[in-house]
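Take a look at this one; I'll ask things after.
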Amino acid sequence: MERNSEGSLPLFSMTGYGAGEASGPLGHFAAEIRAVNNRFLDLAPRLPRELAALEPRVRALVKSRLSRGKVDLFVRWEADALAAPRVHFNTSLFCAYARQIKAMQAEAGDDSPLPMRYLLELPGVAVPASEAAAGEDALWEAVEPAISRAIENFHEERRREALAMAKDMQAQLAAIRAEMNRVESEREVILERYRERLRAKIDEWRETNSAAIDEGRLEAEVLFYADRCDVTEEIVRLRAHLDKFDATLRRPEGPAGKALEFLSQEMGREINTIGSKSRDTDQANAVLAMKGALEKIREQTANLE
């Protein structure tokens, strides 16, 4: 697989369409390939009967170029009128069938004519020429260029779609990073808000109970709250996942869909933990924004090979 200008492998969408054609002494070959999302590679080649013997080679070629997706491959063949026949007739077997059937008719007293069409449909009478080992290599050399061109055009469309998806995902990564930085920067502000709320409640209680409150106890309560709401570790891990995700988007070293799906799951785990520790409205809103951006990323990674 070709690398891009930066030396890394390009990203590919799992959905796309491509077509290719090739002509030669055996006739004109046309191939079409289309694919949709799938966790694994599910290949369904549709070949003319005359090319059925080539299916293992077709599967090997496609599998060497694709790793995921539900793939349909259609191949058409228009034989050259001057080329060798596409069907081989086994005349000796044909005659043997005719003799045996006529003998059975004679024993049964049936003198009805024997239809030629019926005899031609019997097993082994009409055999696709491609089933002969001597012609299989020649057929493959004729049809392989059409399939390869279809795959190349298919790849080109998938590259374009993946590029657009990558740009959108980078925008969502930036949104998550911005909200994460806001949560991190407002940590001291949130603690001060809690301290003020706690002090206000204490002052209200003092007015009704005329009792003194130990300032040390107040600070201990604030520290306890700070420890319960501390998301430093989660932010460190989330930032590492964001960096890895962005690096994989920019310089993938192979099919990146599954790796990006895993990273999105890890990001979701850290964001959920931050949310469970949130005790402030602004922080909760930031978590909701991160979850929304992450959901858009997950939708895109599900469509990457």
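The values are calculated or read from the model by the stated rules, or taken from the named source; none is laboratory data. Since the model is a prediction, treat every value here as computed from it, not as a measurement. Cβ placement follows ideal geometry from the backbone for every residue including glycine, while neighbour counts extend to all protein chains displayed.
Select from the range 110-146 the residues that are under 12 Å from residue 50 (Cα atoms), over 34 Å from the mean Cα position of the chain (by Cα) and in a helix (DSSP H, G or I) and write down the one among them that is modelled with the highest pLDDT.
The extreme case among them is 135.
Among the residues of the range 46-60 satisfying the criterion of being more than 12 Å from residue 75 (Cβ to Cβ) and modelled with pLDDT of 90 or more, which is farthest from the chain's Cα centre (by Cα)?
Here the answer is 56.
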